[in-house]
1. In degrees from 0 to 90, rounded to the nearest 10, what is the angle of the helix 13-24 Cα long axis to the longest principal axis of the chain?
2. Which FRET efficiency value, to the nearest 0.05, do you get for residue 12 and residue 70 by plugging their Cβ-Cβ distance into 1/(1 + (r/R0)^6) with R0 = 30 Å?
3. Quick check of the Kirkwood formula: for the chain, what is the inverse mean of 1/r over all pairs of different Cα atoms, in Å?
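Where a number appears in this text, it was derived from the coordinates with a stated rule and is not lab data. Because the structure is predicted, anything quoted here is derived from the model rather than measured. Note that each Cβ is placed from the backbone with ideal geometry, even for glycine, and that neighbours are counted across all protein chains shown.
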């Protein structure tokens, strides 16, 4: 099995039509719920961290910290 995440401009009619064609082909299963995983992201101008796993490796935390710092410095 392969997981593909697709994002598109919902205001773009051509993008919506293309997505509808892809789904109607029957080659893909659409999962409406996004996969929950640990992540670093920006929301409302703030860098945020979501930890959903019960145990996380110290190296993963180090990576999260680096990503958080990078995102913080990239904000206007």
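1. The helix 13-24 is inclined about 80 degrees to the chain.
2. Efficiency, rounded to the nearest 0.05: 0.55.
3. Numbers: mean 1/r = 0.0643 Å⁻¹.
The answer is 15.6 Å.
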